[in-house]
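The structure appears below as structure tokens.
The values are calculated or read from the model by the stated rules, or taken from the named source; none is laboratory data. Small disclaimer: the values here were computed from a predicted structure and weren't measured. Cβ sites come from the backbone with ideal geometry, for glycine too, and all protein chains shown count toward neighbours.
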Amino acid sequence: MATMPRFKRVSRSEPAPGGSGRFDRMISYDAFGIRLDSDTELPELDRTAHGSAPVWRFEQRAGEPETSPGSLVGTDVVYDGIMVSAYSAPGLIRLVYDDTGTFEVRQHDRSIVCYPGRTATPDAIRADLLGRVIAFVALAGGGLALHASAVCIDGRAVALLGPKGAGKSTMALALVQRGARLITDDTLVLRFDEHGNAWASPGVQRLRLWDDSAHALGAAGEPRAGAKPTLALLPHQRQFEDAPLDACYVLYPAPDSKTALRRDRLSPVHAAMACVSFSKLASLAGGAEAITVLDRGTRLSQAVPFHAASVPRDLSRLQETAEALLAWHCEGTMPVPNVTGEC
């Protein structure tokens, strides 16, 4: 078994440096297929100086939005009874959170404006921005955001879909441990080229997983009750360029811990429905947005194979399970961890 490479331990519950994390000038970040110019520190993303990706601007403003919210298109549960509601108006999506406040996605000038609520924290604002808000940005740009993690294997992306607790982050880390490169965790933005091929864009490249999973993979630090720790990867463990999508796996637990990893090909109809079920927008996408999500899910189901993957719920078998999945996609021998180069 390969030695687990070093990871830097990061806590998402800690406040951003400088309190609010606000800057006097805009800082550029490269992620999700866009360049995001932000007045708020986003330590989860990589800074960039230039690039050809579409530019969006994020800023925080005091007070309340001036215009009416538009038509309600959907609601969703964030956690523990905290809700978010989505409203749609021409060229505008407004997300209203019970705790963090209001986000506006303005397509006409490619801007995202946050009006923080009274109980908003820097961590919560960043989490909402890099989740559902970015998902609406992707939708506006012709893409599709899935509740998924993804890795690069032999130069091609493999997506891991599933609900909370399905083991997406754990499987992604196990694959990285065997030589794959992380593309993103939790939010996967996919875009389509002129030939209909799907491409996975790097996103948040820090893995959040519970201590028992981290311990099983040799990546655990001090336990923190009630919160998922975050593991920051080293550069050679990360994929920095878009990668063509090779396959999508919908993870679900095997009937018993002795069963080996198994995959079953989904029909195009079931694959498209999986895209809808695991869209990052979930029930927030109603009306025209729901039709758009279904259309792009259908395109994705025609572009790449989807499989239902039965995963043993035995942490001691993680490496074995990861090696089996790698074998389905490796054209040759995967590079040994800690060696740079294309995966």
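Condition first: of a type in the set (Lys, Arg) and either out of contact with any Pro (no Cβ under 6 Å at 6 or more places or on another chain) or in contact (Cβ under 8 Å) with a residue 60 or more places away in the chain (or both). Now tell me which residues in segment 74-112 satisfy that. Listed by number, the residues that qualify are 106, 110. State whether one or more residues within segment 198-215 are at pLDDT 95 or above and more than 17 Å from residue 45 (Cβ to Cβ). So far as segment 198-215 goes, yes, one or more of its residues are at pLDDT 95 or above and more than 17 Å from residue 45 (Cβ to Cβ). Checking each residue of segment 200-212 against the condition of being of a type outside the set (A, V, I, L, M, F, W, C), over 30 Å from residue 136 (Cβ atoms), assigned by TED's automatic domain parsing to the domain that holds residue 157 and free of Cβ contacts under 8 Å to residues at least 24 places away in the same chain gives at least one match. Among the residues of segment 19-33, those identified as out of contact with any helix residue (DSSP H, G or I) (no Cβ under 7 Å at 6 or more places or on another chain) and at pLDDT 90 or above are 27, 28, 29, 30, 31, 33.
Across segment 250-277, the number of residues qualifying as of a type in the set (Gly, Ala, Ser) and within 23 Å of the chain's Cα centre (by Cα) comes to 4.
This table checks each residue for (1) modelled with pLDDT under 95; (2) small (Gly, Ala, Ser).
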position: 78; (1), (2): yes, no
position: 85; (1), (2): no, yes
position: 95; (1), (2): no, no
position: 116; (1), (2): no, no
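Checking each residue in segment 227-268 for being outside any loop (DSSP other than H, G, I, E, B) and either over 21 Å from residue 188 (Cα atoms) or of a type in the set (D, E, K, R) (or both) picks out 238, 246, 253, 262, 263, 264, 265.
Residues that are out of contact with any helix residue (DSSP H, G or I) (no Cβ under 9 Å at 6 or more places or on another chain) and farther than 18 Å from residue 84 by Cα within segment 278-294 comprise 288, 291, listed in sequence order. In segment 162-178, the residue that is nearest to the chain's Cα centre (by Cα) out of those that are in contact (Cβ under 8 Å) with a residue 40 or more places away in the chain and either more than 19 Å from residue 239 (Cα to Cα) or surrounded by fewer than 24 Cβ atoms within 10 Å (Cβ to Cβ) (or both) is 169. Mind checking whether some residue in segment 59-73 is more than 30 Å from residue 242 (Cα to Cα), buried (at least 19 other Cβ atoms within 10 Å of the Cβ) and in contact (Cβ under 8 Å) with a residue 40 or more places away in the chain? So far as segment 59-73 goes, yes, one or more of its residues are more than 30 Å from residue 242 (Cα to Cα), buried (at least 19 other Cβ atoms within 10 Å of the Cβ) and in contact (Cβ under 8 Å) with a residue 40 or more places away in the chain. Close contacts from segment 113-125, counting a first residue that is at positive phi and a second that is of a type in the set (A, V, I, L, M), with Cβ to Cβ under 7 Å and a gap of 6+ residues or different chains, come to none at all.
Looking at 181, 191, 156, just one residue is more than 18 Å from residue 251 (Cα to Cα) and more than 16 Å from the chain's Cα centre (by Cα), and that residue is 156. Considering segment 78-158, the qualifying strands (runs of 3 or more DSSP E), each wholly inside and each with 1 or more residues that are assigned by TED's automatic domain parsing to the domain that holds residue 282, run over 144-153.
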